[in-house]
Amino acid sequence: MATYNKIGVNKMKVPGIKSFNVLLGWVVPLAILLVWELMSRTDSNHAYAFASLEQIYAALLEITATGELQQSLQASVLRALTGLAIGGSIGFAVGALMATSRIADTLVGPLYNIIRQVPLMGLVPLFSLWTGNGDTSKLLMVCISSFYPLVLATYESINQVESKYREVGDVYKLGKLRSFFTILLPAALPNIFTGLSFALAFAWLSTIGAEILFNAGAGLGNMMMNAQSTSRMDILIILTLLIGALGFSMNFLIGRLGAYLFRWRNLRT
Amino acid sequence: MNTKYWFDKRWRLASFISPIALLLVWAWVTNMQWFSPQLLVSPLAVLTSFRELVASGELQEHLQDSLSRLAFGYTSGAFAGILFGILMALSRKIEVFFLPTFQAVRQIPTIALIPIFILLLGVDEVFKIALVVKAAFFTVGLASYEATKGLPRNYFEVAQMYKLPTWTLYRKVIFPAILPPVLTGLRIAFSRSWTVLVATELLAADSGIGQMMQMGREMFRLDIVMVGVVLTGLIGFSIDRVFKWGEVNLIPWRTVR
């Protein structure tokens, strides 16, 4: 460990070291890839589980040529965004109501806290009995998953608005509605947006989960379950990596969007 | 919900209004028989089928299977995560080699790994436990990595000055310092593990609380499904409370407001 501490210090002075470290980061993935490729070549027993790189590439061409990938991708992304829009707006409304009205807080708060305890995937059998195995149930799951974080974020960020801001509204006799839109909401908006970015992550996660658990309709999760039942490891690897990459890019994009929208804030960092 | 109302007894009592009202409306609607019993069963029917499941011993068996999977997968995943996180934060060698891979794999939602894990490991116990381990390992690993990374350099300089042996450094400096954020990580990891376990049991299992719900779904027994929904919620809630209690009470040096 001691010698590498020296490297850590050297990093500041020698410009080549940092890129060298980045190269070292590729060692583990490449090693995994190499072992994977070797396993796929050892015998036919392994070949079905460990798809070779050629196979994966061929499968990628295959599913893009048939249009299956594009179709599922579109269905999943659209579902995540629709669910986020619906569940998120309801969540925002409920959270804002709870933060501004004590009656709503005492009535809705306990129900929200009770229902939220059920793990999202545990609701799958219930929805399948109520609304079937298709798109309605899937969308409902995504709505709920983005509803929870926005209620909490809206409620807490409005409650955390400093009281001196509220007093300005009282001084100008703005009334409840106007002081909400001109004072509370703008002050709470950056934190609500953080809640929105959590909601986006949850929406994506629950889209994939719902598609895996509800077997009717199109979507990346449905495509994965089909590939699993026909033992197509090559397709599965493509889809899993794609889901991870999409989730990462969504988080990245919404983070950048937030930084751009709220650039008027004077943050120290 | 808000703690500032907590001491106000009237408001505290008032928070029971809406859950009780919901129960009453639920009972009334089922009593009017507007919906078929496959769509809505009365709260009493849920209670009755809960009693039946307990009397036949079925429920205890399912619970035991689920909870032992959870306990085994979660403890091993979380333990490995804590150690790996600390090592990755303290040793540049390990960080340089493993952090990029760790961050990349973390991006893949555990639930999206279900199909691949089924193909690689089959649908037996190993597959379910492996998914729980994955969920726990990456969440706790990240928390412990970031907590250790955030430790002030002075701590280590003081330890070096006193020439603390490695084990004492860990036991007296590192572990206590990273405990609060790691406990939070453990709590989040638990709720993720529980959700993932329920999902895998819904998909492929011959026992467990998820499988019980899946069976209820296939036989159109809404009452059994409801028992499962309430139980998974209760289990998640109570263990979450235990962790929260730990976050407040196990860290005596942290000032609690």
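A few remarks follow.
- Identity of the residue in region B:35-56, within 14 Å of chain A (Cβ to nearest Cβ) and farther than 16 Å from B:Leu231 by Cβ, that ends up surrounded by the most Cβ atoms within 10 Å (Cβ to Cβ): B:Leu40
- Taken together, the criteria place B:Thr232 among residues that are within 28 Å of A:Pro110 (Cα to Cα) and assigned to a helix (DSSP H, G or I).
- Among the residues of region A:224-269, the ones that are hydrophobic (A, V, I, L, M, F, W, C) and within 19 Å of B:Gly122 (Cα to Cα) come to 7 in all.
- Which numbered condition A:Phe180 misses (of (1) within 28 Å of B:Arg217 (Cα to Cα); (2) of a type outside the set (Asp, Glu); (3) touching a Ser or Thr at 6+ places or on another chain (Cβ under 7 Å)): (1)
- Scan of region B:236-252 for residues that are more than 9 Å from every other protein chain (Cβ to nearest Cβ) and either in contact with a Phe, Trp or Tyr (Cβ under 9 Å, 6 or more places away or on another chain) or not polar (S, T, N, Q) (or both), ordered by number: B:Ile239, B:Arg241, B:Val242, B:Phe243, B:Lys244, B:Trp245, B:Gly246, B:Glu247, B:Val248, B:Leu250, B:Ile251, B:Pro252
- Of the residues making up region A:203-254, just one is in contact with a helix residue (DSSP H, G or I) (Cβ under 8 Å, 6 or more places away or on another chain), more than 10 Å from chain B (Cβ to nearest Cβ) and among the aromatic types (Phe, Trp, Tyr), namely A:Phe214.
- Residues of region B:86-133 that are without any contact (Cβ under 8 Å) to a residue 24 or more places away in the chain, small (Gly, Ala, Ser), closer than 25 Å to B:Asp65 by Cβ and more than 7 Å from chain A (Cβ to nearest Cβ): B:Gly122 alone.
- Taking region B:175-189 as the range and being in contact with a helix residue (DSSP H, G or I) (Cβ under 6 Å, 6 or more places away or on another chain), under 21 Å from A:Phe202 (Cα atoms) and either among the hydroxyl-bearing types (Ser, Thr, Tyr) or surrounded by 23 or more Cβ atoms within 10 Å (Cβ to Cβ) (or both) as the test, the residues that pass are B:Gly185, B:Ala189.
- Near pairs, Cβ below 7 angstrom, 6+ apart or cross-chain, from region A:165-183 (under 12 Å from A:Thr100 (Cβ atoms)) to any residue that is basic (Lys, Arg): A:Ile183/A:Arg166
- Among the residues of this structure, B:Thr195 counts as one that is within 7 Å of chain A (Cβ to nearest Cβ), touching a Pro at 6+ places or on another chain (Cβ under 9 Å) and farther than 20 Å from A:Thr131 by Cβ.
- Filter result for the condition that a residue is of a type in the set (Gly, Ala, Ser), at pLDDT below 95, surrounded by 17 or more Cβ atoms within 10 Å (Cβ to Cβ) and in contact with a Pro (Cβ under 9 Å, 6 or more places away or on another chain), over A:Ala188, A:Ala218, A:Ala227: A:Ala227
The values are calculated or read from the model by the stated rules, or taken from the named source; none is laboratory data. Since this is a predicted model, take the numbers as computed values, not measurements. Neighbour counts are summed over all protein chains in view; Cβ atoms, including those assigned to glycine, are modelled from backbone coordinates with ideal geometry.
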